[in-house]
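The structure under discussion appears below in the form of structure tokens.
The values are calculated or read from the model by the stated rules, or taken from the named source; none is laboratory data. All values derive from a computational prediction rather than experimental measurement. A quick note on method: Cβ atoms are made from the backbone with ideal geometry, for glycine too, and the neighbour counts reach across all protein chains shown.
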Amino acid sequence: MFDGIKSVFRRLFSKIFKRKKSMKLGLYGPPNGGKTTLANRICLDWLGEEMGVVSNIPHETREINVKEQITAKYEDKELTFNLVDTPGIATKIDYEDFVKAGLDEETAKERAKEATQGIIDAIKWLDDMDIVIVVLDSTKDPMNQVNITILGNLQARGIPVIIAANKIDLKKSNVKRIEKVFPQYKIVGISAKYGKNMDELYKALFEMVK
């Protein structure tokens, strides 16, 4: 009888915590695609404050950053989620890339070590994601091993995906090239820096989770 009561309480508390669990929206992609810029844009739109530091140095985001309880609105609907900004995914990290960016050798090696751990953590966090926005630089060729690896991991886990083709404010932007390479995904061309087409991205997000 006591075991039966414990079982009832376990189910009850399980339901309570399940209801309280916030949706996790992850931002994934290669380095310098604009993930943190997009994270800042989303936070500015709905919270009035930025989330993180943006830099041209590769792998500037080396740890998982989370902004909790963001409530977005589209038309007459609301969606509350925890926003997860992840380090840029790469198949290889070379400390010399940091040296080229202006860091001294010792700092560059430490940065490379931190960036490697950041990638490992980002991949681990995939299992906690409810939906992922993959942020790609629309000025670059999307057909590369990093993008295929990221999207392959998401597909294997059955996680819904939206591709944000970022940097459409630049002349070399080519969203159609991304659409051609990844026709199976919802793709929205945006400029996270200037907030262009963010309404379309929010619309796609709401359509994905309804």
Asp128: surrounded by 14 or more Cβ atoms within 10 Å (Cβ to Cβ), among the acidic types (Asp, Glu) and either within 19 Å of Gly33 (Cα to Cα) or at pLDDT below 95 (or both), yes or no? no
Of the candidates Lys167, Lys172, Lys176, the one satisfying the condition of being among the basic types (Lys, Arg), more than 19 Å from Pro31 (Cβ to Cβ) and either in contact with a Ser or Thr (Cβ under 7 Å, 6 or more places away or on another chain) or modelled with pLDDT of 95 or more (or both) is Lys176
